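The block underneath contains the structure these notes are about, expressed in structure tokens.
The values are calculated or read from the model by the stated rules, or taken from the named source; none is laboratory data. Fair warning: this is a prediction, and the values are worked out from it, not measured in the lab. A quick note on method: Cβ atoms are made from the backbone with ideal geometry, for glycine too, and the neighbour counts reach across all protein chains shown. We work out accessible area using only protein heavy atoms, side chains counted, and drop any ligands, DNA or RNA first. Shrake-Rupley method; radii C 1.70, N 1.55, O 1.52, S 1.80 Å.
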Amino acid sequence: MKILVLNCGSSSIKYALYNMDDKSVMTSGGAERVGESGSFVKAKLANGEKKVINHEIPEHTEGVKFIFSLLTDPEIGVIKDLKEIDAVGHRMVHGGEKFNKSVILNDEVMETFKDCIDLAPLHNPANLKGVNAVNELMPGLPQVGVFDTAFHQTMPEEAFLYAIPYNLYKQYGVRRYGFHGTSHRYVSQRVCEFLGCDPAGKKIITCHIGNGASIAAVKDGKCIDTTMGLTPLEGLMMGTRSGDIDAGAVVYLQKKLNLDAEGISTLLNKKSGVLGITEKGSDMRDIEMAAEAGEPRSQLALDMYFYRIKKYIGAYAAAMGGVDIIVFTAGVGENQTGLREEVCKGLEFIGVKFDASKNNVRGKETIISADDSRVKVCIIPTDEELMIATDTMNLLK
């Protein structure tokens, strides 16, 4: 079975074509600057060769159409006919309370999904465009939606509710939903396979640390809490997002800076976090090098960044009554050795015994805790696309 995975953002379309017989990636890539001038597609072939193709992509249907043409291109294509594609799996950002699992995308589901647009006005319309583009180009091809928020729908009320008037939750759906759910689900399952244990009875803390970052508490294979909220802004300090901040400080800044709602959103989502503290950038590799060179603001940003991750690990260990496994994943979590070491320092009280000699690893499934550590600390590279392809295959069997 061949499954195409699509992740349609507001100005991008990422794709990967899987052969699910052996779960191999036949080709992958992405269209950038969709709807803007200078758009292009990066394609990575099965042999590892990379191609950049300049092509004007005015909107998502044209983008998906061009990606389809690349899949069958005589020179760089990997299939001869689009009919070889058995289904398309879509990354869907916000399913609200309406979707707690992956679903086949029929007309009824899509109408329900439209009700969630207000919860993610930048991302959900783009997801919708991707589904419609496939419908237009390949009518009748089965499509599946895999929701970022679905894994977190097992959170109990005391974890997902905000302490605001209850009718605001009932009327407008204002609550904590969480994101990166497909990644948290994948690594929490995969780490148990890697360690040869059953998720039942296990208390796992998954740390998805990238430019966007979140942590989840997973007990018996189900999420009981996560750091992101109604939007991806809540929780950890991130590349350009502030993470947790006093709501009173937001009101104060709105008044002082004379900002409207869009202005304050831009400040907290795009100008804060690591970028806001360093006033230089948000790439953690650059920040780490600057800190090593003695740049104080970069060191401060790292200290703040590490501290918040450690704080949430401690909080989630308390919420679950202990922890058995801690997982680091995503771009920074998988590759930044210093982050993992600094976060694990001081966690001996919950059973972590870190082994620095095992930590010099990047992007590889590894145990980085000592052999006699009560808590296993692991690196598990995330694979959200494979999770989407797997869900798609399982729903269509």
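Using alpha carbons only, how many degrees (0 to 90, rounded to 10) separate the axis of helix 60-71 from the longest principal axis of the chain?
Around 80 degrees separate the two axes.
Put +1 on the Cβ of each Lys and Arg and -1 on the Cβ of each Asp and Glu in the chain; which of ASN167, CYS344, MET387 then has its Cα farthest toward the positive end of the dipole?
Farthest along the dipole direction, towards plus: CYS344.
Relative to the longest principal Cα axis of the chain, at what angle does helix 296-320 sit, 0 to 90 degrees, rounded to 10?
90 degrees
For the cross-link pairs LYS23/LYS50; LYS14/LYS80; LYS2/LYS222, which exceed 24 Å when the distance is taken from alpha carbon to alpha carbon? Please list the in-between numbers first.
Values: LYS23/LYS50 21 Å; LYS14/LYS80 21 Å; LYS2/LYS222 29 Å.
Pairs exceeding 24 Å: LYS2/LYS222.
When the chain is fully extended, how far beyond the present Cα-Cα distance does CYS197 get from ILE117, taking 0.36 nm per residue of separation?
Numbers: separation 80, 0.36 × 80 = 28.80 nm, distance 3.89 nm.
Residue separation times 0.36 nm, minus the Cα-Cα distance, leaves 24.9 nm.
Among HIS184, HIS55, HIS123, which one moves the most in a GNM of the chain with springs linking Cα atoms closer than 10 Å?
Answer for the Gaussian network model of the chain: HIS55.
Quick one: compute the contact order of the stretch 17-162, relative version, from alpha carbon pairs under 8 angstrom and 6+ residues apart, as a percent. All intermediate terms of the calculation are to be shown ahead of the outcome.
On the way: 205 pairs, mean separation 31.1, N = 146.
After rounding, I find 21 percent.
Among ARG374, ARG176, ARG185, whose mean-square fluctuation peaks in a Gaussian network model of the chain (Cα, cutoff 10 Å)?
Among ARG374, ARG176, ARG185, the largest GNM mean-square fluctuation belongs to ARG374.
Indicate, rounded to the nearest 5 percent, the antiparallel portion of the DSSP beta bridges found entirely in the chain.
Numbers: 42 of 61 bridges.
Of the beta bridges lying entirely in the chain, close to 70 percent run antiparallel.
With the chain treated as a Gaussian network of Cα nodes joined by springs under 10 Å, which of VAL41, VAL218, VAL109 yields the largest mean-square fluctuation?
Comparing VAL41, VAL218, VAL109 in the GNM, the peak value goes to VAL109.
Roughly speaking, what is the stretch gain from GLU365 to LEU396, that is 0.36 nm per residue apart minus the C-alpha to C-alpha distance, in nm to one decimal? If you can, show how the numbers build up before the last one.
Numbers: separation 31, 0.36 × 31 = 11.16 nm, distance 2.98 nm.
Between GLU365 and LEU396, full extension yields an extra 8.2 nm.
Roughly speaking, to the nearest percent, how much of the stretch 1-89's 1.4 Å accessible area is carbon and sulfur?
Heavy-atom surface of the stretch 1-89 belonging to carbon and sulfur, 1.4 Å probe: 46 percent.
Using the crude model of +1 on Lys and Arg Cβ and -1 on Asp and Glu Cβ, and no other charge, please compute the dipole size for the stretch 193-270 relative to its Cα centre, in debye to 20. Walk me through the numbers before you get to the answer.
Numbers: 8 positive and 9 negative charges, 25 e Å.
Dipole of the stretch 193-270, to the nearest 20 debye: 120 debye.
Rg and Dmax of the stretch 2-147, using alpha carbons, in Å: what are they?
When restricted to Cα atoms, the stretch 2-147 yields Rg and Dmax of 14.9, 45 Å.
What dipole magnitude, in Debye to the nearest 20, does the stretch 2-147 give about its Cα centre under +1 on Lys/Arg Cβ and -1 on Asp/Glu Cβ?
420 debye
Considering the Cα trace of the stretch 197-379, what is its radius of gyration and what is Dmax, both in angstroms?
Answer for the stretch 197-379, Rg first and Dmax second: 17.1, 56 Å.
Roughly how many whole Å is it from the C-alpha centroid of the stretch 31-67 to that of the stretch 355-397?
Here the two parts' Cα centres lie 30 Å apart.
Rank VAL41, GLY331, THR112 by how far each Cα sits towards the positive end of the charge dipole of the chain (+1 on Lys, Arg Cβ; -1 on Asp, Glu Cβ) and give me just the farthest.
GLY331
Could you check what % of the DSSP bridge pairs in the stretch 2-147 are antiparallel, to the nearest 5? Intermediate results must be reported in sequence, preceding the final value.
Numbers: 28 of 37 bridges.
Rounded to the nearest five, the antiparallel share is 75 percent.
Using Cα-Cα distances under 8 Å and only pairs 6 or more residues apart, what relative contact order does the chain have, in percent? It would help to have the intermediate numbers written out before the result.
On the way: 802 pairs, mean separation 54.3, N = 397.
For the chain, the relative contact order is 14 percent.
Within the set of other residues whose C-beta is less than 13 Å from the C-beta of ILE164, count the net charge using Lys and Arg as +1 and Asp and Glu as -1.
Working: positive: LYS170, ARG175, ARG176; negative: none.
Charge balance near ILE164 sits at +3.
Summing -39500 (n - 2.57) over the DSSP H runs of n ≥ 4 in the chain and dividing by its residue number, what mean residue ellipticity at 222 nm do you reach, to the nearest 500 deg cm²/dmol? Write out the running numbers ahead of the final one.
Details: 14 runs with 148 residues, N = 397.
Calculated from helices alone, the mean residue ellipticity at 222 nm is -11000 deg cm²/dmol.
Counting C-alpha atoms alone, how compact is the chain: give Rg to one decimal and Dmax as a whole number, in angstrom.
Over the chain's Cα set, Rg and Dmax evaluate to 21.3, 60 Å.
Among GLY181, THR240, MET228, whose Cα lies farthest out toward the positive end of the dipole of the stretch 179-248, if unit charges sit on the beta carbon of Lys, Arg (+1) and Asp, Glu (-1)?
Looking along the dipole axis, the top candidate is GLY181.
Quick one: net charge around GLU49, please, counting Lys, Arg +1 and Asp, Glu -1 for every other residue with C-beta under 12 Å from its C-beta. Write down the numbers at each step before the final one.
Working: positive: LYS42, LYS44, LYS50, LYS51; negative: GLU75.
Net of charged neighbours comes to +3.
Looking at the stretch 206-356, send over the antiparallel percent of its DSSP beta bridges, to the nearest 5.
Values: 8 of 11 bridges.
Approximately 75 percent, going by the DSSP bridge assignments.
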